[in-house]
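Values quoted throughout were computed directly from the atomic coordinates according to the rules given, and no laboratory measurement underlies them. Remember, predicted model here, so these are calculated numbers, not experimental data. Note that we place each Cβ from the backbone using ideal geometry, even for glycine, and neighbour counts take in every protein chain shown.
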Amino acid sequence: MNSSDIQIPDVIWSAFAPELLVTAIALALLLVAITRGQTLRVTGPVAALGVGTGIALIVAGSAVAGVVTAVVTASLAGASVLYPRRASIVQAVGAVGAAAGALALTVWQFTSVVTNDVGVFTPQGAFFDSLANDGLALFARFTVYLVVLIVIPLGYGYMRDRELNRAEVEPLVLFAAVGMVALATANDFITVFVALEVFSLALYVLAGSARRDRRSQEASLKYFILGAVASAILLYGMALIYVATGTLALPVIGDILGIAVTNRTVALFGIALITVGVTFKVALVPFHLWVADVYQGAPSNITAFMAAATKVAGFALLLRIYLVAFPAFVDVWAPVLAVLAAASMLYGAYVAVSQHDLVRMMAYSSITHAGYVTIGVVAVTDTGLASVMFYLFTYALTTLLTFGALIAIERSRRGEVTLNTIVGLGRTDPWLAAMLSVGLLSLAGVPLTAGFIGKFMVFRAGIESGWLWLVIIGVLSSVVAAYFYLRIAGMMFLNEPVNDAVRPAYGQVMRVVISLAAVAVIVIGVLPSAILDMADTLAVMLR
Amino acid sequence: MGMITVTILLPVIGAVLLAVVRSLTVKQVQTVAFGATVAAFVASLVLLSQFDRTNPNLQLTEAANWIPAVNAQIAFAVDGISLALILLTTFLTPLVLLASTSSITDRFRGYAAAFLLLEAAVIAVFAATDILLFAVVFELTIVPMYLIIGIWGGANRRYAAVKFFLYTLAGGLAMLVAIVYLYTKAGSFAYADMLQLDLTLSEQRWLFFAFLAAFAVKIPIWPVHTWLPDAHTEAPTGGSVFLAGVLLKLGAFGVLRYLLPLFADATRLYAPWLVGFAVVGILYGAIVALMQSDVKKLVAYSSVSHMGFVVLGTFALNTTATSASVVQMVNHGLSTGALFLLIGFLYERRHTRQIAAFGGLGAAVPVLAGFWLIVSLSSLALPGLNGFVGEFPILMGTFASYPTAAVLASFGAVLAALYLLWAYQRIFHGPLVSDENRATPDMTRREIGIITPLVALIIAIGIYPSPLFNLVEPSVERVLIETGVGETMTLGGGAR
């Protein structure tokens, strides 16, 4: 890259500048946790180091990276000064700063990439080609860091209320985000596996972070055991692919599978096992069994993070493996994925209808959405790729909006949020009810919300590639899904509140964040061009 | 910015005002809402003055880029059919809001805002010439109506609201898939480009049914009408008026604008079937209406029957019948709208709609009885009132193509006289015995003011229908030529 900064041979540091920043801040936040309130002892030196590095970067000619590093570390120290004995605030500020800085660096990468090559981007490898810094990677970066940026303020008050404001939460969220982005950039099987484990291990712990809650423990353990089995199966699949091709690099695998036919059976077994492992992560039927319990048991802010960000990472992986390594076998895997998608759309919607607990319902709804996204994957076109990215981005935004509202309700309840909980919310808190409704309408795919455009783009990609039957199943599932989203809206607006009516709890920050998310969902729904064009640009940049 | 955009934006501005300015008193909310709808009505009259009646094509075109990535535009234009229906919409909405000021006491601000958004969406449906935009606003009409039924409706409102939502959403999504398919063929969403498409018959069949799913539910065509009686009965008065007056027309309009011209071969293939379903709907709706004890339910089923006439005329596929069904759409909007208003007035006084509870009311409320009689007669197509100039040419035109269907449908008109007059008799005639009936107050000046414009139009169209026919006929002929049934059948004298 032309604008690269500190040139150490063979490693283009700027290619993963956002991850470097986030990892550094996460490590610093872990240290903050052991200062027993004397946060400045850590943040002071970190800020000094960060500002120093920043100046060095600016001198070396990379102004954006330098400014971001300096500002993020300085704000961490600033939070320590302002709130001397409140480690939790310092941690939240640090995590938000890291996410914001990473977003800024991602935008910088995107603009410098696009402007330098006048729109024609040759996706580049970094770290000896084990990472692919392409459109998919930039998309995953942008979305995952945005999710972190939103989810930290959503969870702050909630964690405090439930007395699980533990020091490890923010660093683990940051590590998980780095793992997810690394997964989306991974260009060989070793990196894929390491990245997968980095974010999975962080999520196993996060799911169990409500230590005194048995459901949280159960969620953590279930997720861990099932996830470990899935990882093992994935690893087995990778090994078989290695046997068949003699390499671990995804593009090389793609080339070899394209020409060699001798090891076809082994390769097919490998693809089958990898499909199991990957579809477990994105929770397609029949590998969805963990979702409901994990979503319900984990603290809701962690669930929001998992729902929004894990889907992004999982589908980025799915796209890269199937489009880069297995294009020769598209006739085999596309129908299989299509069947899984169809099953997910129908089963998820069918089971969600009978759910009483809203988080559980969201879990099954996430299964149907994984199905919709898969329509864009099996289309195997640039349009399909763009539609998948657009869908995942809007889904992440909508999910955060919905979970933000659910968290606000849960905080006042100190317990699970069921359909009965929200009866009459339209009376007791019209603003929150309206925000939750925007999220639900978008999930249902009602026009003038981001969800409608997302569904539209995915269906369009599907029809263009001849998957009409799959799209029709998607429509059927949407009608069923509309029923249970609508039922929630109905409970809020069409019923009068009962005596022990819920009075949601949220602070100003949360109010602003939720409002912004709702505005974004509607703006994208009305004028989607900017995001659509970005998705189109990124789609042609796949390595 | 052209006049169509202005007409759509005025109600939207009103709704935004209501949503943003929280400090308005109830009186001010009423003023803003009423003002916005009257302004929209004036704008639509300006639109009418700009409209060239001799030109059968879509005109007064306005377009702006919307989603360049998929070649979608925000594009509007009107022909005679859509202009007639836009005028109907902008005419009815102020009356609906005015009628609701006394009956809706709870959260009137939200109620008015929902109506303003609904009006804007409906006008956009009639004016859209980009088919994606059409699909979006078509679906969008569901949400405010769902809220109006669900929040301000009767005892069983939740069931009715959800049923309404799911029926119409399911139909709309089927259409959306077909629209995407058309888009992949045409490369844009422009209506003009869609018309150029050369589709095979088997493609046309599938697309025809996907579009029909959306429109048949909205109209509604028997047997997918079952949401309508529930929605009508549970909706507040304003909701019922708007539903009958305008929302049911969305489907019939869609048939004329999209189903017929885009899938001409399939249309000619399936037209006899739809004529058959229309006849069943006419007779079924009329017979079920006869048996109702709740007067609002009676009118709801009469809607099924009357909209059956619209479908019958449309699929008779000749100028006489098809033009008359556009006229009948307007007529049904006026007559049934007026009936629902009167039922609402009566309900506000007595809090019951059971016909058995009334009797001899004619002596207590002579003004209400008089209006009720005129509107009933209009609805049963008495010559000299608007219903006749719609239904009679429909039957005439249909007789030329499908004699049996026309004869059977005529029985629907006879049954309409039976159920409407019988209901009138049981409510207003006979001895005035019960104290409650005797104490029922007559219509207030405000209520008379609301119903008078409707009745005036009912009589005016009945006596002198040619302006309305002249407005819609060229466009209907264009549609029929595009459908490949260019024959123009004119009747000597007759209805006009």
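Which whole-number percentage describes the relative contact order of chain A, with Cα contacts under 8 Å and a sequence gap of 6 or more?
The normalised contact order for chain A reaches 14 percent.
Extension gain, A:Arg85-A:Tyr242: 0.36 nm per intervening residue step, less the Cα-Cα distance, totals 51.2 nm. Placing unit charges on each Cβ (+1 for Lys and Arg, -1 for Asp and Glu) gives the protein assembly as shown a dipole about its Cα centre, and among B:Ile458, B:Asn156, B:Trp206 the Cα reaching farthest toward its positive end belongs to B:Asn156. Taking Cα centre as origin and charging only the Cβ of basic (Lys, Arg, +1) and acidic (Asp, Glu, -1) residues, the dipole magnitude of chain A rounds to 1460 debye. The lysines within cross-link reach of A:Lys222, meaning a Cα-to-Cα straight distance under 16 Å and a gap of 8 or more places when in the same chain, are A:Lys281.
With charges set only on the Cβ (+1 for Lys and Arg, -1 for Asp and Glu), what does the dipole of the protein assembly as shown come to about its Cα centre, in debye to the nearest 20?
Numbers: 53 positive and 51 negative charges, 533 e Å.
For the protein assembly as shown, the charge dipole is close to 2560 debye.
Backbone phi angles across the range A:15-23, fed through the Karplus curve with coefficients 6.51, -1.76 and 1.60 (θ = phi - 60°), yield HN-Hα couplings of 5, 10, 3, x, 5, 4, 4, 5, 4 Hz in residue order; Gly and Pro are listed as x.
Can you pull a Stokes-Einstein diffusion coefficient for the range A:235-370 at 4 °C (1.567 mPa s), Rh from Kirkwood over Cα pairs, as a whole number of µm²/s?
Details: Rh = 15.8 Å.
Diffusion coefficient, whole number: 82 µm²/s.
Can you tell me the order of B:177-185, B:254-262 when each peptide is scored by its average per-residue count of other Cβ atoms within 10 angstrom, highest first? Could you put the intermediate results ahead of the total?
Working: B:177-185: 21.8, B:254-262: 24.2.
Descending packing order for the listed peptides: B:254-262, B:177-185.
Against chain B, whose longest principal axis comes from its Cα atoms, helix B:26-50 is set at around 40 degrees.
Computed over the Cα atoms of the range A:355-429, what is the convex hull's projected area averaged over all directions, in nm²?
Details: hull surface 22.2 nm².
Computing the convex hull of the Cα atoms and averaging its projections yields 5.5 nm².
Arrange the peptides B:266-279, B:216-229 so that the one whose residues have, on average, the most other Cβ atoms within 10 Å appears first.
Values: B:266-279: 19.6, B:216-229: 22.9.
Packing proxy ranking, top to bottom: B:216-229, B:266-279.
From the alpha carbon centroid of the range B:223-255 to that of the range B:35-52 is 24 Å. Counting, for every residue in A:458-470, the Cβ atoms of other protein chains within 10 Å of its Cβ and taking the mean gives 3. Compactness of chain A was expressed as the Cα radius of gyration divided by 2.2 N^0.38 Å, which yields 0.93. Remark: the range B:1-129 carries a charge dipole of roughly 420 debye about the Cα centre, counting +1 on each Lys and Arg Cβ and -1 on each Asp and Glu Cβ.
Centre-to-centre separation between the Cα atoms of the range A:314-361 and those of the range A:383-441: 23 Å. Multiplying each eigenvalue of the alpha-carbon gyration tensor of the range B:1-141 by 5 and taking the square root yields semi-axes of 28, 17, 12 Å, largest first, rounded to whole angstroms.
Straight-distance candidates among the lysines for linking to B:Lys218, with alpha-carbon spacing under 17 Å and chain neighbours fewer than 8 residues away dropped: B:Lys163, B:Lys249. With N counted as the residues of the protein assembly as shown, its alpha-carbon radius of gyration over 2.2 N^0.38 Å works out to 1.03.
What is the Cα radius of gyration of the range B:341-464 over 2.2 N^0.38 Å, N being its residue count? If you can, show how the numbers build up before the last one.
Values: Rg = 16.8 Å, N = 124, 2.2 N^0.38 = 13.7 Å.
Taking N as the residue count of the range B:341-464, the ratio is 1.22.
Using the alpha carbons alone, the radius of gyration of the range A:158-257 stands to its Kirkwood radius in an Rg to Rh ratio of 1.12.
The range B:104-176 and the range B:333-410 have their alpha-carbon centroids 26 Å apart.
By the helix-only formula, in which each DSSP H run with n ≥ 4 contributes -39500 (n - 2.57) and the sum is divided by residues, the protein assembly as shown has a 222 nm mean residue ellipticity of -25000 deg cm²/dmol.
Normalised by the number of residues in chain B, the average gap of Cα pairs under 8 Å and 6 or more apart makes the relative contact order 15 percent. Relative intensity of the range B:113-199 on a log10 scale, I(q)/I(0) at q = 0.22 Å⁻¹, equals -1.01, per a Debye sum over C-alpha point scatterers of equal strength in the absence of solvent.
How large is log10 of I(q)/I(0) for the range B:1-70 at q = 0.17, 0.18, 0.20, 0.21 Å⁻¹ when the intensity is taken from the Debye formula with one equal scatterer per alpha-carbon? Values returned for q = 0.17, 0.18, 0.20, 0.21 Å⁻¹ are -0.75, -0.79, -0.87, -0.90.
What Kirkwood Rh does the range A:171-211 have if only Cα atoms enter the pairwise 1/r average? Answer in Å.
For the range A:171-211, inverting the mean 1/r across all distinct Cα pairs yields 10.1 Å.
What number comes out for the charge environment of A:Phe175, summing +1 per Lys or Arg and -1 per Asp or Glu over other residues with Cβ under 12 Å away? Counting the neighbours of A:Phe175, the net charge comes to -4. Within the shell of other residues whose beta carbon sits under 11 angstrom from the beta carbon of A:Ala316, the net charge comes to +3, with Lys and Arg scored +1 and Asp and Glu -1.
As a length-normalised measure over Cα pairs under 8 Å and 6 or more apart, the relative contact order of the range A:191-310 settles at 35 percent. Over all pairs of different C-alpha atoms, the range A:299-387 has a mean inverse distance whose reciprocal, the Kirkwood radius, equals 13.9 Å.
Hydrodynamic estimate: the Kirkwood radius of the range A:211-305 over Cα pairs, inserted into Stokes-Einstein at 20 °C and 1.002 mPa s, corresponds to D of 144 µm²/s. For B:Gln59, the amide hydrogen comes within under 5 Å of the amide hydrogens of B:Val78, B:Asp79, counting only partners 5 or more places away or on other chains and with H modelled in the peptide plane.
An ellipsoid equivalent to chain B, defined through the eigenvalues of its Cα gyration tensor, has semi-axes of 34, 27, 20 Å when rounded to whole angstrom and sorted largest first. Projected over all directions and averaged, the alpha-carbon convex hull of the range A:390-543 occupies 10.5 nm². Taking Cβ atoms as reference points and 11 Å as the exclusive limit, the residues near B:Thr440 contribute a net charge of -1, counting Lys and Arg as +1 and Asp and Glu as -1. Phi angles across the range B:174-189 convert, under the Karplus curve 6.51 cos²θ - 1.76 cosθ + 1.60 with θ = phi - 60°, into 3J(HN,Hα) values of 4, 5, 4, 4, 4, 5, 4, 4, 4, 4, 5, 7, 8, x, 8, 9 Hz, Gly and Pro given as x.
Can you check what the Kirkwood hydrodynamic radius comes to for the range B:76-233, Cα pairs only, in Å to one decimal? List each step's numbers first, then the result.
Working: mean 1/r = 0.0587 Å⁻¹.
After inverting the mean inverse Cα-Cα distance, the result is 17.0 Å.
Translational diffusion coefficient, Stokes-Einstein: compute it for the range B:40-105 using the Kirkwood radius over C-alpha pairs as Rh, at 37 °C and 0.692 mPa s, and state it as an integer in µm² s⁻¹. Intermediate values should be presented prior to the final figure.
Numbers: Rh = 14.1 Å.
The estimated diffusion coefficient comes to 234 µm²/s.
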